[in-house]
């Protein structure tokens with residue numbers, strides 16, 4: 001193994017890594033198609049992260065036109081840990097989204113004279129690549145692809161020959177290096193459980209995290225405006241059905257009380273306007289409900305299939321925002337669409353903030369409304 005000596009601050013003060021020098025460094029190319037979607041095109045990153053990767057990435061992006069996508073897709077077994085962290089910081093600074101996977105020529109699209117159109121296929125992002133991936137302001141992990149994490153080891157420890165992509169630090173600095181890495185993980189918005197999982201692996205092992213609940217719950221997979229599938233929690237003597245946007249700024253819930261019947265609530269963490277008022281709260285109170293929608297008429301709107309008027313609507317402040325409570329009565333409908341983004345009925349209540357999700361909504365809310373619907 002060869003000592004790798006080029007590291008970013010503050011990692012350079014702690015890491016003296018050993019790594020097998022790869023024959024080829026990570027490459028970058030424009031991929032995808034020119035379709036008018038935010039994620040139709042991306043920068044494909046293939047191969048190991050080396051001491052030159054960050055400089056190579058910066059040179060590649062700076063040489064391209066302004067319209068190049070701010071989205072990068074990794075397919076890499078790892079490499080230089082310090083440079084992986086540095087690349088992650090550079091991606092965050094530039095506002096890049098990250099993905100895991102490779103690509104292949106798309107047979108359905110010819111492409112252009114200077115660009116061969118490609119489509120996504122699964123891939124892996126392991127070791128140092130995982131830390132680069134964490135730098136994305138949005139992080140996508142698709143079915144079939146996976147993130148791999150493992151522990152780094154001191155050069156003084158006995159390790160097996162030929163162990164792939166080992167990340168080592170000088171003996172005695174492991175505690176400091178761990179603190180730096182954990183601080184970076186948390187700074188990027190990823191749960192410390194991911195770092196703990198890496199620490200449970202052996203010298204020639206990799207712990208894999210695929211698309212699914214673990215990736216979402218730990219923040220590895222992160223889309224600020226996506227909503228979690230509906231679930232149920234204990235609420236007094238009954239249950240509460242909830243769904244939350246991943247940035248935790250908005251939450252929907254449904255529940256039933258014996259005295260007042262069923263309710264559907266929207267919780268909002270919002271910033272006050274310069275005059276001290278809640279701008280989003282004013283929108284709901286002064287425009288959305290009073291103007292109504294085409295189906296429900298003026299002064300009303302449909303909430304999961306129930307016609308709700310201003311008389312059925314209450315708005316309350318809480319510490320960091322407010323919540324809107326829609327009273328649905330004692331025999332509520334359980335519709336499968338909580339969205340305020342109905343493009344077929346564009347009106348005063350239409351907003352991307354409350355798109356919501358239909359995933360598992362019917363069984364969750366049906367359970368929450370059980371004592372109301374008898």
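Once the C-beta distance of residue 200 and residue 121 is scaled by a Förster radius of 35 Å, the resulting FRET efficiency is 0.75 to the nearest 0.05. Full extension of the chain segment joining residue 186 with residue 371 gains 62.4 nm, where the gain is 0.36 nm per residue of separation less the Cα-Cα distance. With neighbour counts taken as other beta-carbon atoms within 10 Å, the residues 281, 248, 231 rank, fewest first, as 248, 231, 281. Residues 53, 225, 357, 298, arranged from fewest to most other Cβ atoms within 10 angstrom of their Cβ, appear as 298, 225, 357, 53.
Stretching residue 179 away from residue 247 to a fully extended chain increases their span by 21.9 nm, per 0.36 nm per residue minus the current alpha-carbon distance. Estimated at 0.36 nm per residue, the fully extended path between residue 260 and residue 61 surpasses their Cα-Cα distance by 65.8 nm.
Set the Förster radius R0 to 45 Å, insert the Cβ-Cβ distance between residue 325 and residue 93 as r into 1/(1 + (r/R0)^6), and round the FRET efficiency to 0.05. Write out the running numbers ahead of the final one.
Details: r = 41 Å, r/R0 = 0.91.
Here the calculated transfer efficiency is 0.65.
At R0 = 25 Å, how high is the FRET efficiency between residue 68 and residue 352 if r is their beta carbon distance? Nearest 0.05 is fine. Efficiency, from the Cβ-Cβ distance: 0.50. Exposure proxy shown here: for 308, 100, the number of other Cβ atoms within 10 Å sets the order, fewest to most, as 308, 100.
Here, each number is a calculation from the coordinates, and none is a lab measurement. Predicted model only: the values in this text are computed from it and were never measured. Glycine also receives a Cβ, built like all others from the backbone with ideal geometry; neighbour counts cover every protein chain displayed.
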